[in-house]
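Here's the structure we're looking at; comments come further down.
The values are calculated or read from the model by the stated rules, or taken from the named source; none is laboratory data. All figures in this text were calculated on a predicted structure; none of them were measured in a lab. In this analysis, Cβ positions are derived from the backbone assuming ideal geometry, glycine residues included, and neighbour counts consider all displayed protein chains. These accessible areas exclude ligands, DNA and RNA; they are computed on the full protein's heavy atoms, side chains included. Shrake-Rupley method; radii C 1.70, N 1.55, O 1.52, S 1.80 Å.
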Amino acid sequence: AVMDTLDLPYATFDVLSDEEIRDAAKTFAGWPTFPQVFVRGEFIGGNDIVTEMHSNGELREMVLEAGR
């Protein structure tokens with residue numbers, strides 16, 4: 001829902017549909033829970049971190065910068 005409010009393009013993947021990818025994502029990010037947000041392949045954080053970044057405008061800035 002946070003990403004929808006940005007009105008910017010993004011992609012999602014349902015990790016619950018593939019156990020192998022789900023396990024790999026946890027290992028790659030070093031983060032055991034979902035959702036996980038990545039920008040240009042860099043792990044940004046889970047729901048709490050992304051919500052805070054959205055609240056202070058940092059998330060929108062980061063996504064806009066990544067699109068340039």
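Miscellaneous remarks
- Once segment 29-68 is narrowed to residues that are without any contact (Cβ under 8 Å) to a residue 24 or more places away in the chain and on the phi > 0 side of the Ramachandran plot, the residue that is surrounded by the most Cβ atoms within 10 Å (Cβ to Cβ) is 45.
- Here residue 12 clears all of (1) among the β-branched types (Val, Ile, Thr); (2) part of a helix (DSSP H, G or I); (3) open to solvent by 40 Å² or more (accessible area, probe 1.4 Å) except the condition numbered (2).
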